[in-house]
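Worksheet for the structure shown next.
Each reported figure results from applying straightforward, stated rules to the coordinates on display, with no laboratory input. Predicted, not measured: the structure shown is a model, and the values here were computed from it. Note that we place each Cβ from the backbone using ideal geometry, even for glycine, and neighbour counts take in every protein chain shown.
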Amino acid sequence: MHKDIATPMRTKEILDKYGFSFKKSLGQNFLIDTNILNRIVDHAELTDHSGAIEIGPGIGALTEQLAKRAEKVVAFEIDQRLLPILEDTLSPYPNVKVIHSDVLKADVQAVMKQEFEKQEDVMVVANLPYYVTTPILMKLLEERLPIRGIVCMLQKEVGDRISAKPGTKEYGSLSIAVQYYTKAETVMIVPKTVFMPQPNVDSAVIRLTLHDEPPVKVKDEKFFFHVTRSSFAQRRKTILNNLTSQLPDGKQKKESIQAALRQAGVEESRRGETLTIEEFAQLSNALYPYFH
Ligand code: SAM
């Protein structure tokens with residue numbers, strides 16, 4: 001039996017063998033604790049008929065554990081220097097395919113069609129590069145990929161914002177965007193000591209389970225997200241002030257915005273952070289005719 005990649009000793013051995021130096025700009029903090037990796041993979045609830053997509057395999061620490069539990073793993077890695085290393089470390093796992101690509105530019109939809117023909121379900125599982133956490137998550141959700149969900153490590157602070165409830169200081173347009181597509185839960189808080197090198201921020205693992213249907217009905221998704229972002233533009237301002245300053249010709253259309261707020265049953269003196277996703281849906285539906 002070979003040794004797991006995710007131990008401090010084996011990781012050092014691999015890095016030394018290839019003379020690899022971490023690139024901070026690519027968010028390279030590798031996991032060196034097999035126990036934590038196993039707990040992450042547990043949350044993905046994979047079966048031997050599952051597919052897994054990984055973003056940023058690094059030297060293969062998480063990839064290896066995914067390969068043991070899923071039928072097939074496809075991993076997107078941006079850093080060319082890691083490709084020969086992965087070929088070496090993952091050689092015991094023929095069910096892994098590494099794609100050299102920036103995941104933000106990749107056609108993930110097409111890759112899924114090609115690579116996961118036979119699998120019953122597909123999960124995204126990743127220890128995300130922290131400099132692009134939000135764009136990666138939003139890309140995966142907005143493209144409506146046929147995935148069951150996402151289990152990922154990220155900055156704790158971003159995890160808190162994603163799973164935040166109305167009325168809290170963490171609640172904002174990111175919470176609403178993610179909760180529109182998924183049920184979001186923080187499932188683990190992770191100490192810095194399980195990474196090499198250790199990151200400056202605290203980390204958490206979140207699980208996002210895709211809704212079959214969005215929890216609210218909106219006339220136009222793009223406009224709904226525009227209204228939510230506008231409502232949080234300045235957190236201390238009232239919803240009326242944010243909407244008049246952010247929506248196109250908002251100042252001239254103040255009376256229409258006030259009418260829409262009344263119609264949606266939202267008092268104009270409230271702040272965006274107090275509105276539920278249902279209230280944002282009613283509000284954007286009421287505003288829609290005035291802006292189209
Ligand atoms: N999965 C490994 C682990 O847990 O040890 C490495 C995780 S490390 C936090 C993030 C990885 O994502 C690095 O390997 C980095 O090179 C890669 N990466 C950074 N930006 C990327 C991007 N835009 N597309 C694909 N991979 C990226």
- Ratio Rg/Rh [Cα only; Rh per Kirkwood] for the stretch 168-292: 1.09
- Count neighbours as other Cβ atoms within 10 Å of each site's Cβ, and list the trypsin sites (Lys or Arg not before Pro) in the stretch 115-176 that are DSSP loop with at most 11 such neighbours. 118, 144, 169
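With respect to the cross-link table entries 24/192; 17/113; 3/113, which display a Cα-Cα separation exceeding 26 Å? Working shown, then result.
On the way: 24/192 15 Å; 17/113 36 Å; 3/113 33 Å.
Those over the limit are 17/113; 3/113.
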- Note on the structure: When 100, 292 are arranged by how many other beta-carbons sit within 10 Å of their Cβ, fewest first, they go 292, 100
- Simple Cβ-charge dipole of the chain, Lys/Arg +1 and Asp/Glu -1, about Cα centre, in debye nearest 20: 980 debye
- Message: Over the Cα atoms, compute the radius of gyration (one decimal) and Dmax (the largest Cα-Cα distance, rounded to a whole number) for the stretch 34-181, in Å.
- Response: 15.3, 50
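Roughly speaking, what is the stretch gain from residue 193 to residue 48, that is 0.36 nm per residue apart minus the C-alpha to C-alpha distance, in nm to one decimal? Walk me through the numbers before you get to the answer.
On the way: separation 145, 0.36 × 145 = 52.20 nm, distance 3.12 nm.
Length gained, residue 193 through residue 48: 49.1 nm.
Count the net charge of all other residues whose Cβ sits under 15 Å from the Cβ of residue 89, scoring Lys and Arg as +1 and Asp and Glu as -1. Please list the in-between numbers first.
Values: positive: 3, 10, 12, 17, 68, 81, 97; negative: 4, 13, 16, 54, 64, 77, 79, 87, 88.
Residues close to residue 89 contribute a combined charge of -2.
For the stretch 257-292, which trypsin sites (Lys or Arg not before Pro) are in a loop by DSSP, counting at most 15 other Cβ atoms within 10 Å? Intermediate results must be reported in sequence, preceding the final value.
Values: sites: 262, 270, 271; in loops: 270, 271.
For trypsin sites (Lys or Arg not before Pro) across the stretch 257-292 that sit outside H, G, I, E and B with at most 15 neighbouring Cβ atoms in 10 Å, the list reads 270.
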- Item | Cα-derived Rg over Rh, computed across the chain with Rh taken as Kirkwood radius | 1.05
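So what is the relative contact order for the chain, in percent, with contacts set as C-alpha pairs under 8 Å and at least six apart? Walk me through the intermediate numbers first.
On the way: 506 pairs, mean separation 42.8, N = 292.
Answer for the chain is 15 percent.
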